[in-house]
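For reference, the structure discussed in these notes is given below.
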Amino acid sequence: MSVELVMPKAGLTMIEGTVAIWKVEEGASVKKGDVVMEFENEKTTMECEANEDGILHIVANAGDVVKVGEAVAIIAVSKEEYESMKNGGSAPQAVEPVATTTASTGASVDAAEVVMPKAGLTMIEGVVGEWKVAEGEAVKKGQAIFEFENEKTTMECEATADGILYQVAKTGDTVKVGHTVAYVAATKEAYDAFAKGATPGSQAMCANECEVCHKSVALAMAETAPQGGNAVAKDGHVRATGLSRNIAKSAGIDLSLVGGTGPNGRIVAKDVYAYLEAAKAAPVSAPPVKAVQPSGEVVKTLLSGRRKSIAKNMRKCFEIMAPLTVFAEVDVTDLLAMRQKYVEKKDILDCKISVNDILMLATVKMLKKHPMLNSTFDGETISSYPYVNLGMAVGLAEGLVVPVLKNADQYSLLEMSKGLRDLALRAKEDTLVGGEQSGATFTVTNVGMFHIDFGTPVISPPQVGILGFGTAKKKFVEYKGEFCPRTMMHMMLTFDHRVFDGREAGEVLGDMKQLLENPELIFV
């Protein structure tokens, strides 16, 4: 009976794909697992494999846009079926990926097979995540039934037919691409046959006939994979995928102890699972009894919504950027003296000018000279703006907030002082309105009030830079040919090295140094 090959769903938001190229000609014989086609979604190009042995009849041609779940080809199981389809005849009934299996009782069981999808050219296995449908529940073709993870992202897998779900792989299992994750039984009788001992469930993750096929895959790998840190580079860095790092972190594993089986000894998810299984099987000696046991309770706190958002943005910076931080020390003695004069005139000004106000105004002046820093980058296009929307980091007990002063390049010092003070106050009161925390083209963070001398500020993508200021301290330095006490402060510029280099960064810090050491230039 013919089998339908459909457009895979390679991502949570994918609704259609474009057939790029057929790797196999019309009428060619194919084997299950053969790469027969490449397709494109909005993000990447991937391969699609045959889901059964047979003769390929192409339904969608190269360049056709096909919705997820709709047929791109039909695989005929006989020459007669293929000739019928080629000559314009309809394919036999039930053109679905149907698997017929035999239960331990010897009865024949009809069910649609659900396999681990290939969501990327380099994907060889996936980790089963959350099941969206419980064991034994009825499902519809195209319904999302479970989530799976590869080394890059989390996606959904859909049912391949209507029926009753029989789960083969459990949450956390690592399954090779094309291997069985579940079956959709066509009838209640077929499901009951599975429940009573149908054979696929026990070895869905072991398709190779090897001497360890009756052991768990993880243990088999633990016995055959290298055991000691071939993934550790000479500089001590451990080569590992992001998914394997997350798994190891959750399990409290030192990755340097795990053998890697990926390219060039890189640690992949299956290596961590193998290590865990091997650790379970190893004899564990009793820990020495201490005279005094630790007391107290372990306190676990879930990340709040704001903290989660901060964590996501911080991680995103290092995942998609090439951030680099450079430092410079600047003499702010004259700047502080100028600010003191403004403070003495606060009744006339109707505002108390802060050091931060002057630093922000100087930053705006610098950005007008260096428009490449006042930009965003989406990975392909750099967008430089004729205006400055200045983000100001405000530290709160529950996390960081970055209100944005729009069109900051149009403000005088007095206007900027009032505008920044208003934003900071409402940030602390959690009364900022929509749009006041978005649209920044550059951000400034002043950590001097927290007694931090210097650090490495983190860029908020898609911005390409962030400027930080540390604590101002008196030091004996050389000034006009002699050593005397001056007030010094560190500046820290983190920039996206994909967009510009150290030379430009040095010029930025040099211009800021000129402005802050000669504060009258800020107002010219």
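A few remarks follow.
- Of the residues making up the range 118-141, those that are at pLDDT 85 or above, open to solvent by 40 Å² or more (accessible area, probe 1.4 Å) and part of a loop (DSSP other than H, G, I, E, B) number 6.
- Selection count where residues are closer than 25 Å to Q463 by Cα, among the charged types (D, E, K, R) and out of contact with any strand residue (DSSP E or B) (no Cβ under 6 Å at 6 or more places or on another chain), scope the range 301-357: 6
- Residues being open to solvent by 20 Å² or more (accessible area, probe 1.4 Å), within 17 Å of T241 (Cβ to Cβ) and within 21 Å of the chain's Cα centre (by Cα) are represented in the range 154-167 by at least one member.
- One residue from L336, L349 being surrounded by 13 or more Cβ atoms within 10 Å (Cβ to Cβ) and modelled with pLDDT under 95: L349
- Consider the range 451-465 and keep the residues that are within 21 Å of L516 (Cα to Cα), of a type outside the set (D, E) and open to solvent by 10 Å² or more (accessible area, probe 1.4 Å). The one that is farthest from the chain's Cα centre (by Cα) is H451.
- Applying the criterion of being among the β-branched types (V, I, T) and out of contact with any helix residue (DSSP H, G or I) (no Cβ under 8 Å at 6 or more places or on another chain) to the residues of the range 352-393, the residue that is surrounded by the most Cβ atoms within 10 Å (Cβ to Cβ) is T376.
- For I459: the one exception among (1) part of a strand (DSSP E or B); (2) within 20 Å of C317 (Cα to Cα): (1)
- Pair list, Cβ < 6 Å and 6+ apart or interchain, from the range 400-415 residues that are basic (K, R) to residues that are buried (at least 18 other Cβ atoms within 10 Å of the Cβ) and in a loop (DSSP other than H, G, I, E, B): K406/N389
- Every pair of residues 6+ apart whose Cβ atoms lie under 8 Å, when the first sits in the range 75-97 and is surrounded by 12 or more Cβ atoms within 10 Å (Cβ to Cβ) while the second is among the hydrophobic types (A, V, I, L, M, F, W, C) and modelled with pLDDT under 50: A76/A91; E81/A91; S84/A91; M85/A91
- Taking the conditions (1) buried (at least 18 other Cβ atoms within 10 Å of the Cβ); (2) closer than 22 Å to Q463 by Cβ; (3) modelled with pLDDT of 95 or more in turn, S417 satisfies each one other than (2).
- Qualifying position, being of a type in the set (K, R), surrounded by fewer than 22 Cβ atoms within 10 Å (Cβ to Cβ) and at pLDDT 85 or above, among K196, K215, K170: K170
- Residue that is nearest to the chain's Cα centre (by Cα) [pool: residues in the range 44-63 that are open to solvent by 60 Å² or more (accessible area, probe 1.4 Å) and within 15 Å of K23 (Cα to Cα)]: A62
- Within the range 253-262, the set of residues being more than 18 Å from E125 (Cα to Cα) and open to solvent by less than 70 Å² (accessible area, probe 1.4 Å) comprises I253, L255, S256, V258.
- Filtered residues of the range 175-185 (kept if aliphatic (A, V, I, L, M) and more than 15 Å from E137 (Cβ to Cβ)): V175, V177, V181
- Residues in the range 268-302 that are open to solvent by 100 Å² or more (accessible area, probe 1.4 Å), more than 30 Å from K176 (Cβ to Cβ) and either modelled with pLDDT of 65 or more or touching a Cys at 6+ places or on another chain (Cβ under 6 Å) (or both): P294, S295, E297, V298, V299, K300, T301, L302.
- Looking only at the range 488-524, and only at residues there that are farther than 26 Å from I382 by Cβ and part of a loop (DSSP other than H, G, I, E, B), the one that is least open to solvent (accessible area, probe 1.4 Å): N518
The values are calculated or read from the model by the stated rules, or taken from the named source; none is laboratory data. Only a predicted model underlies this, so the values are computations on that prediction, with no experimental measurement involved. Neighbour counts run over all protein chains shown; Cβ positions are idealised from the backbone, glycine included. Just so you know, the surface numbers come from the protein's heavy atoms only, side chains and all, with ligands and any DNA or RNA stripped out. Shrake-Rupley method; radii C 1.70, N 1.55, O 1.52, S 1.80 Å.
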